[in-house]
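Each remark here refers to the structure printed beneath this line.
The values are calculated or read from the model by the stated rules, or taken from the named source; none is laboratory data. On a predicted model such as this, the values are computed, not experimentally measured, just so you know. Every residue, glycine among them, receives a Cβ derived from its backbone with ideal geometry; neighbour counts consider all protein chains shown. Ligands, DNA and RNA are stripped out before the accessible areas are found, and what is left, the full protein with its side chains, is counted by its heavy atoms. Shrake-Rupley method; radii C 1.70, N 1.55, O 1.52, S 1.80 Å.
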Amino acid sequence: MLEDVLPLSPTEALAHHAEGAALVVVGRGAGMSPDAVQALLRESLCPVAVVP
């Protein structure tokens, strides 16, 4: 078994795992800072819904 370990920020990890997804839904009050939400909006290849 081989494992790939990539040091990614939480935002980069979400954007990476969202590749091929139809939609990413994140909660604004779930520990996501406004800066992290903005970064996810910039980096994601699919639509992002931010809910309160």
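Filtered by the rule that a residue be open to solvent by 50 Å² or more (accessible area, probe 1.4 Å), among the aliphatic types (A, V, I, L, M), closer than 12 Å to residue 49 by Cβ and assigned to a loop (DSSP other than H, G, I, E, B), the stretch 14-37 gives 22, 23.
Tell me the residue from 45, 6 that is surrounded by 10 or more Cβ atoms within 10 Å (Cβ to Cβ) and either over 8 Å from the mean Cα position of the chain (by Cα) or in a loop (DSSP other than H, G, I, E, B) (or both), please. Show your work before the answer.
Details: 6 fails: surrounded by 10 or more Cβ atoms within 10 Å (Cβ to Cβ).
Only one candidate qualifies: 45.
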